[in-house]
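A short worksheet on the structure shown next.
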Amino acid sequence: MSEVVKVIYGDRTYELPVITGSEGEKAIDISRLRQQSDLITLDYGYANTGSCLSAITFMDGEKGILRYRGIPIEQLAQHSTFIETAYLLINGRLPTRPQLNRFSVMLNDNSLVHEDMRAFYEKFPRASHPMGILSSMVNALRSFYPELQSLEEDINMMMTRLLSKVRTMAAMSYKISRGHKMVYPRADLTYGANFLNMMFDTPVKPYRIDSDVVNALNLFWILHADHEQNCSTSAVRIVGSGRVNLYAAISAGIAALWGPLHGGANQAVIEMLSAIAAGGGDTRSFIKRAKDKKDPFRLMGFGHRVYKTYDPRAKIMKNMCDRLFNKLNIQDPLLDIAKKLERVALEDDYFIDHHLYPNVDFYSGIVLRTIGIPTNMFTVMFAIGRLPGWIAQWKESMDDPNWKLCRPRQIYTGPALTDYVPVDQRPAVDATD
């Protein structure tokens, strides 16, 4: 017999079915609650609300588990590539060698950006943030590639085109912001190596590709490829529920990712560490402020909305951070400050009791800084990595037979019925009001 939850309201009892996921997660299905009782639920931030059934990513915040299509993130980080991980997320299975080769060729063949788009880039003010530019330009892609969405082949081409061109567009925005000539993608380079070459190669100083740096970037993208129903992914699904094209839905995800509480957190970590360094490197005053409930200050890169233990991605990124620093023999005062903060977070009872462990943003910002990525490009790097997850989530929602237009309810708290008062009959008020 199926499980149910009984809700008693007044003199009536309502039975709500319990849905069980493949990992034992349970949810109360309230989809018919309002129809039966005129009641809705209130859940600020949707922290206790499941918006869909999904077979893409599994997270367990209490145990620190993250899996893509059932495969632990630790195994993918050790053995996979970003392109293979992207294929896994979008198609639901790991590719065979011929499938992976074909996917790589398609990415290479679609890596160029229409030359007319360069004029758009050059019209943005030089001070424009790369995330705003990227969101706008992804939306503009629809104008250059207006294929129908009804054919499976067209949808697959759209997804491949986005994965390939977003990388090129990100590098293009950086080059134009520096006043440098655009570097075109090369057929002989991998996805990550191509991006780094497009970013940093110049006619006067050819970029030397370091396999360890490429591996670090590949790992960064794998760790960020999907993360269940987070803010930006939910934005992609909600906007996509209106049956907009994929480009518009991804543009919405990029805009949502921009915020400092979401994708911008890795940039905020570097800015925080820089502020501590500018103050002499003493972390004690910042830690004291973080513990003060009356102080709005917060340590960036600590704690997580879902993880109540160590972020599994943070462990992997920390190891990469250490290897990269040792290999490149880099002395960075920000890393010393980061290690001080890390020790406090792992030993201080306040941080432990409040589950304020270092998260992936804490280390990823340092890794990106080490490989030469400008701070204002950090969130763009996150967007490139999260793109396969956004695409997979959009595709899954489009294929869902239970699809509905997303339309949350609200509890109205404004004035009750109020009659309109003509302007000349309204009471006088002070001009300063």
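The values are calculated or read from the model by the stated rules, or taken from the named source; none is laboratory data. This one's a predicted model, so the numbers in the text were calculated from it and none came from an experiment. Methodologically, a virtual Cβ is constructed for each residue, glycine included, from the backbone with ideal geometry; neighbour enumeration extends over all protein chains shown.
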* Asked: Do we have residue 197 as surrounded by fewer than 20 Cβ atoms within 10 Å (Cβ to Cβ), in contact with a helix residue (DSSP H, G or I) (Cβ under 9 Å, 6 or more places away or on another chain), outside any loop (DSSP other than H, G, I, E, B) and assigned by TED's automatic domain parsing to the domain that holds residue 89 here?
  -> no
* With respect to the numbered conditions (1) at pLDDT below 95; (2) at negative phi, which one is the sole condition not fulfilled by residue 46? -> (2)
* Considering 143, 173, 111, 177, which residue is within 26 Å of residue 398 (Cα to Cα) and either buried (at least 17 other Cβ atoms within 10 Å of the Cβ) or in contact with a Cys (Cβ under 8 Å, 6 or more places away or on another chain) (or both)? -> 111
* Asked: Quick check: is even one residue across segment 69-83 hydroxyl-bearing (Ser, Thr, Tyr), under 23 Å from residue 158 (Cβ atoms) and part of a strand (DSSP E or B)?
  -> no
* Asked: When segment 1-58 is examined, which residues are found to be among the aromatic types (Phe, Trp, Tyr), assigned to a strand (DSSP E or B) and more than 30 Å from residue 91 (Cα to Cα)?
  -> 9, 14
* Asked: Looking at segment 208-223, is at least one residue over 19 Å from residue 365 (Cα atoms), touching a residue at least 60 places away in the same chain (Cβ under 8 Å) and touching a Ser or Thr at 6+ places or on another chain (Cβ under 6 Å)?
  -> no
* State yes or no: is residue 330 out of contact with any Lys or Arg (no Cβ under 8 Å at 6 or more places or on another chain), under 30 Å from residue 160 (Cβ atoms) and not aromatic (Phe, Trp, Tyr)? => no
* To do: Would you check if there is a residue in segment 292-302 being closer than 25 Å to residue 380 by Cα and assigned to a helix (DSSP H, G or I)?
  => no
* To do: Report the residue count in segment 384-433 for those that are at pLDDT 95 or above, surrounded by fewer than 10 Cβ atoms within 10 Å (Cβ to Cβ) and in contact with a helix residue (DSSP H, G or I) (Cβ under 8 Å, 6 or more places away or on another chain).
  => 0
* Asked: Would you say residue 77 is under 28 Å from residue 261 (Cα atoms) and either surrounded by 14 or more Cβ atoms within 10 Å (Cβ to Cβ) or in contact with a helix residue (DSSP H, G or I) (Cβ under 9 Å, 6 or more places away or on another chain) (or both)?
  -> yes
* Asked: Filtering segment 276-291 down to residues that are surrounded by 14 or more Cβ atoms within 10 Å (Cβ to Cβ) and in contact with an Asp or Glu (Cβ under 8 Å, 6 or more places away or on another chain), which residue is modelled with the highest pLDDT?
  -> 276
* Across segment 261-291, which residue is farthest from residue 231 (Cα to Cα) among those that are touching a Ser or Thr at 6+ places or on another chain (Cβ under 9 Å), in a loop (DSSP other than H, G, I, E, B) and in contact (Cβ under 8 Å) with a residue 40 or more places away in the chain? -> 264
* Just name the residue that is modelled with the lowest pLDDT out of those in segment 313-336 that are in contact with a helix residue (DSSP H, G or I) (Cβ under 6 Å, 6 or more places away or on another chain), among the basic types (Lys, Arg) and under 20 Å from residue 360 (Cα atoms). => 318
* Filter result for residue 222 (buried (at least 19 other Cβ atoms within 10 Å of the Cβ), β-branched (Val, Ile, Thr) and closer than 26 Å to residue 128 by Cα) -> no
* Single unsatisfied condition, residue 57 versus (1) in contact (Cβ under 8 Å) with a residue 60 or more places away in the chain; (2) of a type in the set (S, T, N, Q); (3) assigned by TED's automatic domain parsing to the domain that holds residue 237 -> (3)
* Between a first residue in segment 301-324 that is farther than 11 Å from residue 358 by Cβ and a second residue that is acidic (Asp, Glu) and not in a loop (DSSP other than H, G, I, E, B), which pairs have beta carbons less than 9 Å apart while being 6 or more apart in sequence or on different chains? -> 306/60; 312/74; 316/74; 323/212; 324/212
* Structure fact -> Subset of segment 292-312, residues among the basic types (Lys, Arg), modelled with pLDDT of 85 or more and surrounded by 14 or more Cβ atoms within 10 Å (Cβ to Cβ), comes to none
* Which condition number does residue 272 fail, the rest of (1) hydrophobic (A, V, I, L, M, F, W, C); (2) under 11 Å from the mean Cα position of the chain (by Cα); (3) crowded, with 21+ Cβ neighbours inside 10 Å being met? -> (2)
* Structure fact -> All conditions in (1) without any contact (Cβ under 8 Å) to a residue 24 or more places away in the chain; (2) over 25 Å from residue 325 (Cβ atoms) are true of residue 255 except (1)
